[in-house]
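This report concerns only the one structure given below.
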Amino acid sequence: MHFNPYEVLNLSRDAGEDDIKKAYRQQAMKFHPDRNPGDHQAEEKFKEVGRAYDILSDPGKRSLYDRYGTVDDREGPLGGGPFSGFGMEDALRAFMENFGFGGFSGGDMESRGEDLTVSIELTLPEAVLGGERLLKAERFEPCETCDGSGADPKAGTQTCLQCRGRGRVETYRRTLLGTFRSVSPCRICRGSGKVPRKPCSGCRGNGVAKKTRSITVQLPPGLSEGHCLTLRGQGHHPGDAGGVPGNLRVLIRSVDYQGFTREGDDLVHRLPISYPEAVAGAVLPVPDPCGGEPLTVKVPEGVAGGARIALRGKGLGRLDRRGRGDLLVRVEIFVPRKPGRRERKLLEEMASMDGFAPPGR
């Protein structure tokens, strides 16, 4: 069943940021596990609410959904779908962090870098067979001068006074659901427990610097416009000690079909033929979508204009299963606009023959 975040949160397509937060809070409170102990349906609904908020609160994800109707977050073509990695722990974390309810301590709360999106155009052979693509990506990485600490190497660091070197700050809040403890990374030291005595000159104390990297992407066969591949951990680094990089999203902006038309996993090629070839049949060349030597198609005798001849397994690779679609050769009979005197005489002779007269005439 198609997942629609707007329907989950009962929002219109033009909902603003405040509307999204308000709707999310209402739905999350309604289906929160603490309010519905042992109710598995409420638990699943709470996950869906978290997923919906994850999409609509992120401008990039929301834009992808509005444009293509999906936000693909799979690591590969056989992944578990756009939201396969979003479970109860993620939903609870989103709820706690966004509205200060805390109380969730499922391990260390690592800071995470921002995602990076790169758009590419696929060649037809890449869409058919897949392959490797070398991308250039400009991303933030730990500063080489200070190893990501943000501190001048000679001056070093000192204990953060805000968190007293723990790297985490605890807050307590009373809510309708009880008193919750919230643990979050210290904003002063960004979770390291240390602050620079003097900022690093290489990164101005940020801990990260922008670098251009070459990244190899494995393209599965059968990709189409709007598909988004995710390379986990290949995005921007947050600059925090112990932080984890975000993801690199490879968005398929377009595919160069080189004159072919796509129909699902099939490719359609228009093949103009002469009237004699339509009557007597012929063996003709057609281009190979993979860029190899031309393929051949056998046009049967008496073929009608618009007929399709299938070359099995010569179409696009299938994204979610093995094999390839078909190459459909669509026959189009060429009719000259102004036949010469000799051609007209031959046509008149054929018209008088029984074999060329339409049935019933």
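The values are calculated or read from the model by the stated rules, or taken from the named source; none is laboratory data. The model shown is predicted, which means the values in this text are computed figures rather than measured ones. Don't worry about glycine lacking a Cβ; one is built from the backbone with ideal geometry, like all the others, and counts go over all protein chains shown.
The numbered conditions (1) under 28 Å from Leu231 (Cβ atoms); (2) modelled with pLDDT under 80; (3) not in a helix (DSSP H, G or I) are all true for Phe3 except (2). Would you please name the residue that is farthest from Arg318 (Cα to Cα), looking only at residues in segment 216-244 that are part of a strand (DSSP E or B) and within 10 Å of the chain's Cα centre (by Cα)? The selected residue is Thr230. Screening Arg249, Arg262, Arg232, Arg253 for residues that are surrounded by 16 or more Cβ atoms within 10 Å (Cβ to Cβ), within 30 Å of Gly113 (Cβ to Cβ) and of a type in the set (Lys, Arg) leaves exactly one candidate, Arg249.
Of the residues Leu319, Leu328, which is in a strand (DSSP E or B) and within 30 Å of Cys228 (Cα to Cα)? Talk me through it step by step, then tell me what you get.
Details: Leu319 fails: in a strand (DSSP E or B).
Only one candidate passes the filter, namely Leu328.
Take Glu89 and tell me if it is modelled with pLDDT under 75, within 25 Å of the chain's Cα centre (by Cα), assigned to a loop (DSSP other than H, G, I, E, B) and over 30 Å from Arg324 (Cβ atoms). Judged against the criteria, Glu89 is not a match. Scoring Pro59 on the criteria (1) of a type outside the set (Gly, Ala, Ser); (2) in contact with an Asp or Glu (Cβ under 7 Å, 6 or more places away or on another chain); (3) closer than 30 Å to Arg253 by Cα; (4) modelled with pLDDT under 85 leaves a single failure, condition (2).
Residues being assigned to a helix (DSSP H, G or I) and at pLDDT 85 or above are represented in segment 8-16 by at least one member.
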